[in-house]
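Have a look at the structure below before the remarks.
The values are calculated or read from the model by the stated rules, or taken from the named source; none is laboratory data. From a predicted model like this one, the values you see are computed outputs, not experimental measurements. Positions of Cβ are backbone-derived with ideal geometry, glycine not excepted, and every protein chain shown enters the neighbour counts. Heavy atoms of the whole protein, side chains included, go into the accessibility calculation; ligands, DNA and RNA do not. Shrake-Rupley method; radii C 1.70, N 1.55, O 1.52, S 1.80 Å.
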Amino acid sequence: MSDATNIGSKAEKRIAVLFLAPALLLLIIFRLIPLGWGFGMSFTDANNAGTARWVGADNYLRAVNDPTFQDSVANTVILLATMPMMVMLPMLLAILIHQGVPGGKFFRAVYFLPAVLSSVIVGAIFNVVLRYDGSLNEFLAVFGFDAVDWLGSSSTALGALIAVQLWSTFGMSVLIFMAGLTTVPEDIIEAARIDGARFWQRLWFIVIPSLRPIIEFVAVVTTVGLLTNMFGLVYVLTGGGPGTATTLPEFLIWLEQGKLNRPGYAAALSMFLFVMMAGVAYAQIRIMKRNAEV
Amino acid sequence: MSNLTLKNLKKSYGAVEVIKGVDLAITPGEFVVFVGPSGCGKSTLLRMIAGLEVVTSGTIEIADRDVTQLEPYDRGIAMVFQSYALYPHMTVAENMGFALRLAGHAKPERRKAVEEAARILQIGHLLDRKPAQLSGGQRQRVAIGRSIVRQPDVFLFDEPLSNLDAELRVQTRIEIARLHQTLDTTMIYVTHDQTEAMTLADRIVVLRGGIIEQVGAPTDLYDDPDNAFVAGFIGSPAMNFLPCVAASANEVTVAGLTIALPQLQTQLRQGESMKMGIRPEHLNGTNGPSVAMKIDVVEQLGATAFVHGMLGGDLPLLVEARAMRPKAGDMINVPFDPQHVFLFDANGDRIR
Ligand SMILES: Nc1ncnc2c1ncn2[C@@H]1O[C@H](COP(=O)(O)OP(=O)(O)O)[C@@H](O)[C@H]1O
Ligand SMILES: [Mg+2]
């Protein structure tokens, strides 16, 4: 690390600072200052009328005892628990495509397509697919299954939402894994073949360990996506319901801040989300640092 | 009995045929070297034997079993790659024991086999390191160790020394020879370096453009090449080739000098154009016919010197001079023994 900072003359370093300054400035104005501001606001009963009173840690205490917030955290935990699947599935697909399945390029393109659609469009599509008289139920009826209100029943709504999120993001992960797979040397796979490794053993003992940095990267990106990019889907598909079945912290913050006119309380919830995110970011930095050392 | 038999083996990539019908029988314990210029198909042939390349036609038998369609791991072979191909996330011991682990051997048994191989290769102190913490030579040993542990019927080496520096290359070459003596297992070794081929092989297979040019013991290829390609490829520095014309049934004229070749069994047709080959080390006789050469460049090695010069102004000739200290610009007489002269026809085939 210290080597890297010693490269270049003083003049070059000044230029580097010059180029980095705007980004830093934007970061301070649009990220750090609002963060501090929100932190301050989380100790007030601010509302959108503009009055604010200091209430100490009241908002935090309320949040901890707020069943809706508790549910949203529980939902987040469920969401995060699906993360391994959201990493493994694209990895396996990428490996199969890389193996040279006929039409692999076609699959790759098809998988990637959803990744370029906005969550509102994805939501609109799946509204049609998943609603009670939607195409999924029509399809299942062919096999004699009863219709299920996928988005309207609390037992399936979160699962449906997770499935849609998976559908709309895994193409990107497939692409990242495909890129990673091209860096796995062919000769060590051949050596493993000679050593007696069958297809699945080659995956398990050689390919997957070689992909470890990629797996960690995709895991971080997926986690960040789950924590911050679900809003659009929730908004379009379920509105957080039924009840609190699909209410996520992000959505709740938006509700509290806008709809329920409690920016102070929303700010306190944001602080919780921020701490969660900071934990992920910390893990991410640790992982990337360790990979850089290998 | 034969340990490995190739029958009319062919391989095409699309419309391009790169192995054009190879027949070869290798006896148990033999050290066979495939040698030839880059791109002649040595690696492809080796990889076909290993089962890493699909065979287009022909058969491969190992230990009297047709393995043409078998997976690599069912063929009883082990391979050492040019790039070593060590598993980067495993320690040396794990690398070496991987095949046994896959075969379901218990850990203590694996450890014993690994330690035994490590002892032979003197890498016992490296067993707990990762490949990234090893030097090139050490990685090479580990790669060889990994192949030993499996106790294969046939060892395959694909240019295993080409990533080592010159000194290490010579050392490792000797060690591979020693290993062959110790293990007494069939080894097939691919190289483009004729010195490696000469020093290691029981038998050399010279390949060019996907076909075998000649098979034989190193000294056979050196003393009695079948064609100009083999004659030029085997031996270092390479053989001199000079255009010549038949002067009678057993005499040729080269650079104005007519020499008798009593060893010829063939009757030459007078006036036929041919190529004459003679090795640089055979151009330092003391009597016999001689040609006069003007020296261009001298590569002085002390014990010997490689003298580059011109015959009659336009025929380049390389002479290995042992007992003299020639200088550039000098004219010297180069006597030679006609016994060492090879004749080749217009196609490059040997005239015996
Ligand atoms: N995968 C491949 N696809 C097409 N041509 C190939 C492939 N592998 C090797 N070749 C061709 O086959 C020939 C022999 O290659 P190779 O066996 O690697 O030669 P060598 O090892 O003797 O240098 C070369 O002309 C090479 O271009
Ligand atoms: Mg090769």
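In segment B:51-76, the residue that is nearest to the other protein chains (Cβ to nearest Cβ) out of those that are touching a Ser or Thr at 6+ places or on another chain (Cβ under 8 Å) and within 13 Å of ligand 1 (Cβ to nearest atom) is B:53.
Can you confirm whether segment A:97-118 contains a residue that is within 30 Å of residue A:257 (Cα to Cα), modelled with pLDDT of 80 or more and open to solvent by less than 60 Å² (accessible area, probe 1.4 Å)? No: zero hits.
Scanning segment B:16-32 for residues that are within 13 Å of ligand 2 (Cβ to nearest atom) and under 23 Å from residue B:183 (Cβ atoms) yields a total of 0. Within segment B:38-71, the set of residues being within 19 Å of residue B:213 (Cα to Cα), open to solvent by 20 Å² or more (accessible area, probe 1.4 Å) and touching a Lys or Arg at 6+ places or on another chain (Cβ under 7 Å) comprises B:44, B:58.
Applying the criterion of being within 24 Å of residue B:258 (Cβ to Cβ) and free of Cβ contacts under 8 Å to residues at least 40 places away in the same chain to the residues of segment B:317-346, the residue that is least open to solvent (accessible area, probe 1.4 Å) is B:319.
Against the list (1) within 16 Å of ligand 2 (Cβ to nearest atom); (2) more than 13 Å from chain A (Cβ to nearest Cβ), the condition residue B:79 fails is (2).
Out of A:121, A:97, one residue alone is within 27 Å of residue A:248 (Cβ to Cβ) and assigned to a helix (DSSP H, G or I). It is A:121.
Checking the stated criteria, residue B:97 turns out not to satisfy the condition of being open to solvent by less than 20 Å² (accessible area, probe 1.4 Å), farther than 30 Å from residue B:125 by Cα, away from ligand 2 (no atom under 13 Å from the Cβ) and small (Gly, Ala, Ser). Listed by first and then second residue, the pairs linking a residue in segment B:39-50 that is away from chain A (no Cβ under 14 Å) to a residue that is near ligand 2 (Cβ under 8 Å from one of its atoms) and open to solvent by less than 10 Å² (accessible area, probe 1.4 Å), with Cβ atoms under 7 Å apart and 6 or more places separating them unless they lie on different chains, are B:42/B:190. Scan segment B:181-203 for residues that are more than 16 Å from ligand 2 (Cβ to nearest atom) and open to solvent by less than 20 Å² (accessible area, probe 1.4 Å) and the total you get is 4. Quick one: in segment B:157-171, of everything that is buried (at least 18 other Cβ atoms within 10 Å of the Cβ) and over 14 Å from the mean Cα position of the chain (by Cα), which residue is nearest to residue B:24 (Cα to Cα)? Only one residue tops the list, namely B:169. Here residue B:147 passes the criteria (1) within 14 Å of chain A (Cβ to nearest Cβ); (2) within 16 Å of ligand 1 (Cβ to nearest atom); (3) of a type in the set (Ser, Thr, Tyr) except the one numbered (2). In the set (1) within 15 Å of ligand 1 (Cβ to nearest atom); (2) within 14 Å of chain A (Cβ to nearest Cβ); (3) of a type in the set (Gly, Ala, Ser); (4) over 18 Å from residue B:192 (Cβ atoms), residue B:12 fails one condition alone, (2). In this structure, is residue B:29 touching a Gly at 6+ places or on another chain (Cβ under 9 Å), in a loop (DSSP other than H, G, I, E, B) and assigned by TED's automatic domain parsing to the domain that holds residue B:144? No, not satisfied.
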